[in-house]
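Below is one structure, written out as structure tokens; the observations come after it.
The values are calculated or read from the model by the stated rules, or taken from the named source; none is laboratory data. Quick caveat, the model's predicted, so the values are computed rather than measured. Cβ atoms come from the backbone with ideal geometry, glycine included; neighbour counts cover every protein chain shown. For accessibility, only protein heavy atoms count, side chains too; no ligands or nucleic acids. Shrake-Rupley method; radii C 1.70, N 1.55, O 1.52, S 1.80 Å.
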Amino acid sequence: MTRRDGILREIGLAPLWRLRNRSDAAVDAVAAASTEPVAATAAGPAADGRAARIAAMDWDELMGAVTACRACRLCENRKQAVFGVGDAAADWLFVGEGPGAEEDERGEPFVGQAGRLLDAMLAAIDLRRGRKVYIANAVKCRPPGNRTPEAAETAACFPFLQRQIELIRPRLIVALGKPAAETLLEAEVKVGASRGRLFDFRGIPLIVTYHPAYLLRTPPDKAKAWEDLCLARRTMQRLTKGAG
Ligand code: SF4
């Protein structure tokens, strides 16, 4: 049995899951962007000013701003904000919904059961977190009771994700689940109807698939997620070839 076959069996997908083929001013800016309250809708001049400050941050400033952020009420129950993990110059960006209990505890996205499934999904297409892969969430702080983040919360957190994307400059984005897809596409999204298509996030191809936590609850849809990953892999191969 190959290593991949072993992975696929372990996650219950064999035989389907088989490949077919910084300054003081900057510190002030970070602090201001981190703590300045925004309107509930994350709209208006205050939100615009905050978004502009975040849009000018470098990676370290951005991490500092997220760590200190109190721009939406998700800050109230978090143990820590979860910035993201991986290669800051990644080709692949996977975007989930928000931290869960284990992520909140450890400060890293996708470390619970869903994270183990995501790692297995990555391994099935020869990817590994940290190696040309970055993993982030639509919101950086844990929604209480693991509820879905509200629109005002994803809107308040979006400037951080947007800046992460600008700095990473991934070749391809994979949105894991509806909240991530809706945040990035700024539209109502049905994952089932959006699969198999290439969307565009400001010039970067974007693919929508199911969130690993959903797949744990709905194992029959793992086969569809596998199809999506195959599409993502083919797309990346095309993009890499085109760039070479
Ligand atoms: Fe700030 Fe985002 Fe956390 Fe809200 S979820 S407090 S916007 S870092």
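Give me the percent of DSSP beta bridges within segment 25-243 that run antiparallel, rounded to the nearest 5.
Numbers: 6 of 19 bridges.
If we restrict to bridges inside segment 25-243, about 30 percent are antiparallel.
State the percentage of accessible surface on segment 25-243 attributable to carbon and sulfur atoms; use a 1.4 Å probe and exclude ligands, DNA and RNA.
52 percent
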Checklist entry - By a straight-distance test (C-alpha under 18 Å), which lysines pair with residue 241 as possible cross-link partners, with residues fewer than eight away in the same chain excluded? => result 132
Checklist entry - Among all the lysines, which ones have a C-alpha under 21 Å from residue 224's C-alpha, if same-chain residues fewer than 8 places away are not counted? => result 178, 190
Checklist outcome for this item: In Å, the Kirkwood estimate of hydrodynamic radius for segment 44-150 over Cα pairs equals 14.6 Å
Checklist outcome for this item: Ratio for segment 25-243, C-alpha Rg to 2.2 N^0.38 Å, reads 0.97
Checklist outcome for this item: Rounded to whole angstrom, the alpha-carbon centroid of segment 86-151 lies from that of segment 207-244 at a distance of 15 Å
Checklist entry - Got a number for the accessible area of residue 63? Probe 1.4 Å, square angstrom, nearest 10. => result 80 Å²
Checklist outcome for this item: Note, segment 72-77: 3J(HN,Hα) by Karplus (6.51, -1.76, 1.60, θ = phi - 60°), whole Hz, Gly/Pro = x, goes 9, 6, 5, 5, 5, 10
Checklist entry - If 87, 48, 60 are ordered by their accessible area, calculated over protein heavy atoms with a 1.4 Å probe, which sequence runs from highest to lowest? => result 48, 60, 87
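Out of the GluC sites (Glu not before Pro) in segment 84-190, which ones are loop residues according to DSSP with at most 15 other C-beta atoms within 10 Å?
Details: sites: 97, 102, 103, 105, 150, 153, 166, 182, 186, 188; in loops: 97, 150, 186, 188.
Within segment 84-190, the qualifying GluC sites (Glu not before Pro) (loop, at most 15 other Cβ atoms within 10 Å) are 186, 188.
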